[in-house]
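Enquirer: To start, I am sharing the structure in question, which I have written as structure tokens.
The values are calculated or read from the model by the stated rules, or taken from the named source; none is laboratory data. Predicted model, so just to flag it, every value in this text is computed and none were measured. FYI the Cβ positions are ideal-geometry reconstructions off the backbone, even for glycines, and counts take in every protein chain you see. Heads up: the accessible areas ignore ligands, DNA and RNA and are worked out on the full protein's heavy atoms, side chains in. Shrake-Rupley method; radii C 1.70, N 1.55, O 1.52, S 1.80 Å.
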Amino acid sequence: MKAVRITDDIYWVGAIDWDLRNFHGYLTQRGSTYNSYLIIDEKVTLIDNVKSYMFSEQVERISSVIDPGKIDIIIQNHIEMDHSGSLPLIKQLCPNAEIYATAKGAEGLNRHFKKNWDIHEVKSGSTLSLGKRELTFVPTPMVHWPDNMVSYSAADKILFSNDAFGQHIASHERFDYEYAQGILEEEAAKYYANIVLPYGAQVVKALEAVGGLEIDWILPSHGLIWHDRIPRMIELYDKWSHNRTQEKALIIYDSMWGTTEIMAKMIHGVFEDSGIMAQLFNLRYTHISDIMTSILDARYICLGSPTLNNNILPTMASFLTYFKGLAPKKRIGLAFGSYGWGGQSIPILDSALEEMKFERLKAIKVKFIPDPEELTAAGEHLKKEIAAYK
Ligand code: FEO
């Protein structure tokens, strides 16, 4: 396995995880990569590492360019183990290499690996000369952990963005211009929705911090390298981080004996008749991480569950836990569901939407099986409420 040359003296030396199908709860049907970058300069520099079990692939790629023992500097933009796992093993090959990270990064690395490394702590705007080029560091806390930073080489117009702009794709191709644009954008959206979404305010700050830089290449820590589609990706990150949505409704539900499903289909029809794109997701059949991708630009989020043992169905409970953690903002919510006697599921869903600070449409609840007249009346009321928002 060989390194892949990106520009003069800069190489991709990462690892391709063809088998990865679950990244802490997020289905990664296309696998992923852990990207590591090698800069051959007066000081040989390695930027980010890979998962520990992929160390041998990383070393083989580095060795196709240079003896790993010649690495002088290791930049650790982020300490999560998909980017730092191989660090202790790499350090054994180049024991004199100096490590650079943010203060939180330095603390985390030593805590995690039970080391006492003397790590150089960088601050916003700190620079490091490698010889022909200089790296500038910009902390980007919470994109994705508190320790995150990006590194920038003005000489190469390259931004080493770590988790930002990543996608979980295992592929032979390394560059955006080699890969199908639609799939790449969808995977970038899925990655943002499932990893970055809670940190929109921090993404806005990070985009401001790098906004004035000349960037020809964005080298993320997962997936394809950005070159031809940088303006499009920046435009999408700007949209997603500001929670800008479109007239689109998601009806997410599970049903026990079919009544909540009847309601879900009625609600779907009302949105369609109102000229709003609508998507139905039965939680039994669609994974929550795929639903999150659709939520990214949806203005209306409708949640339906019948009442089970004074509560909601477990599929909806699982979805709600994940959904609340990812915390999309500026949405309009609707709770709905059927019940036999208690009817607690509907206020539980309505409260969850309120807790997320969504505007809310009037909740719809039905006892046992709805009469056609009941459904029609609920639909007519919903249609009027939607019209008021358009
Ligand atoms: Fe790809 Fe936050 O690690």
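Enquirer: Enumerate the pairs (first residue in the range 182-199 and of a type outside the set (Ser, Thr, Tyr); second residue anywhere and within 14 Å of the ligand (Cβ to nearest atom) and assigned to a helix (DSSP H, G or I)) with beta-carbon separation below 8 Å, excluding pairs fewer than 6 apart on the same chain, so at least 6 apart or on different chains.
Expert: Matching pairs, first to second residue: Val196/Val203.
Enquirer: Then there is this: Considering each residue of the range 138-150, count those that are within 12 Å of the ligand (Cβ to nearest atom) and either among the hydroxyl-bearing types (Ser, Thr, Tyr) or over 19 Å from the mean Cα position of the chain (by Cα) (or both), and give that number.
Expert: Matching residues across the range 138-150 total 1.
Enquirer: Going through the range 200-250 one residue at a time, which ones are of a type in the set (A, V, I, L, M) and more than 30 Å from Gly333 (Cα to Cα)?
Expert: Those that are of a type in the set (A, V, I, L, M) and more than 30 Å from Gly333 (Cα to Cα): Ala209, Val210, Leu213, Ile215, Ile218, Leu219, Leu224, Ile225, Ile230.
Enquirer: Tell me whether the range 56-72 contains one or more residues that are of a type in the set (A, V, I, L, M, F, W, C) and touching a Cys at 6+ places or on another chain (Cβ under 6 Å).
Expert: Yes, because at least one residue in the range 56-72 is of a type in the set (A, V, I, L, M, F, W, C) and touching a Cys at 6+ places or on another chain (Cβ under 6 Å).
Enquirer: Where in the range 28-137 are there helices (runs of 4 or more DSSP H), lying fully within it, with 2 or more residues that are more than 16 Å from the ligand (Cβ to nearest atom)?
Expert: 55-63, 87-93, 103-113
Enquirer: Do any residues in the range 65-91 that are not assigned by TED's automatic domain parsing to the domain that holds Asp17 have Cβ atoms under 6 Å from those of residues that are among the hydroxyl-bearing types (Ser, Thr, Tyr) and open to solvent by 30 Å² or more (accessible area, probe 1.4 Å), where the two are at least six apart or on different chains, and which pairs are they?
Expert: Nothing qualifies.
Enquirer: Being open to solvent by less than 10 Å² (accessible area, probe 1.4 Å) and under 23 Å from Tyr26 (Cβ atoms) is the requirement here; does Ile169 meet it?
Expert: yes
Enquirer: Next up: Kindly indicate which of Ala164, Ala189, Ala201, Ala155 is outside any helix (DSSP H, G or I) and surrounded by fewer than 20 Cβ atoms within 10 Å (Cβ to Cβ).
Expert: Ala155
Enquirer: So Asp228 fits all but one of (1) away from the ligand (no atom under 16 Å from the Cβ); (2) in a loop (DSSP other than H, G, I, E, B); (3) in contact with a His (Cβ under 8 Å, 6 or more places away or on another chain); what number is the exception?
Expert: Result: Asp228 fails condition (3) only.
Enquirer: Quick one: is Ile99 in contact with a Lys or Arg (Cβ under 6 Å, 6 or more places away or on another chain) and within 20 Å of Glu42 (Cβ to Cβ)? I'd like the intermediate steps shown before the answer.
Expert: Working: in contact with a Lys or Arg (Cβ under 6 Å, 6 or more places away or on another chain): no; within 20 Å of Glu42 (Cβ to Cβ): yes.
Criteria not met by Ile99.
Enquirer: Let me ask you something else. Between Ile386, Ile295, which is open to solvent by less than 10 Å² (accessible area, probe 1.4 Å), closer than 16 Å to Ile252 by Cα and of a type in the set (Val, Ile, Thr)?
Expert: Going through Ile386, Ile295 in turn, just one is open to solvent by less than 10 Å² (accessible area, probe 1.4 Å), closer than 16 Å to Ile252 by Cα and of a type in the set (Val, Ile, Thr): Ile295.
Enquirer: A further question follows. Of all residues in the range 344-371 being charged (D, E, K, R) and over 18 Å from Ala327 (Cβ atoms), which is surrounded by the most Cβ atoms within 10 Å (Cβ to Cβ)?
Expert: Within the range 344-371, the first condition is being charged (D, E, K, R), and the residues that meet it are 350, 354-355, 357, 359-360, 362, 365, 367, 371.
Applying the additional criterion that residues be over 18 Å from Ala327 (Cβ atoms) yields 362, 365, 367, 371.
Working: Lys362: 12, Lys365: 20, Lys367: 12, Asp371: 10.
In this case the residue turns out to be Lys365.
Enquirer: Across the range 265-280, what is the number of residues that are over 17 Å from Ile332 (Cβ atoms) and within 28 Å of the chain's Cα centre (by Cα)?
Expert: Residues in the range 265-280 being over 17 Å from Ile332 (Cβ atoms) and within 28 Å of the chain's Cα centre (by Cα): 1 in total.
Enquirer: Of all residues in the range 324-366, which are at pLDDT below 95 and touching a Gly at 6+ places or on another chain (Cβ under 7 Å)?
Expert: none
Enquirer: Mind listing whichever residues of the range 151-168 are in contact with a Leu (Cβ under 6 Å, 6 or more places away or on another chain) and within 16 Å of the ligand (Cβ to nearest atom)?
Expert: Scanning the range 151-168 gives Ser151, Phe160.
Enquirer: Please find, within the range 207-225, the residue that is farthest from the ligand (Cβ to nearest atom) out of those that are small (Gly, Ala, Ser) and open to solvent by 20 Å² or more (accessible area, probe 1.4 Å).
Expert: Gly212
Enquirer: In addition: Could you check how many residues of the range 1-27 are in a loop (DSSP other than H, G, I, E, B), open to solvent by 40 Å² or more (accessible area, probe 1.4 Å) and touching a Ser or Thr at 6+ places or on another chain (Cβ under 7 Å)?
Expert: 2
Enquirer: Oh, and also: Given the criteria more than 16 Å from the ligand (Cβ to nearest atom), touching an Asp or Glu at 6+ places or on another chain (Cβ under 6 Å) and open to solvent by less than 20 Å² (accessible area, probe 1.4 Å), does Ser241 qualify?
Expert: Against the criterion (more than 16 Å from the ligand (Cβ to nearest atom), touching an Asp or Glu at 6+ places or on another chain (Cβ under 6 Å) and open to solvent by less than 20 Å² (accessible area, probe 1.4 Å)), Ser241 does not qualify.
Enquirer: Still on this structure, please answer the following. Please pick out the residue among Leu303, Leu283, Leu250 that is modelled with pLDDT of 95 or more and more than 30 Å from Leu184 (Cβ to Cβ).
Expert: Leu303
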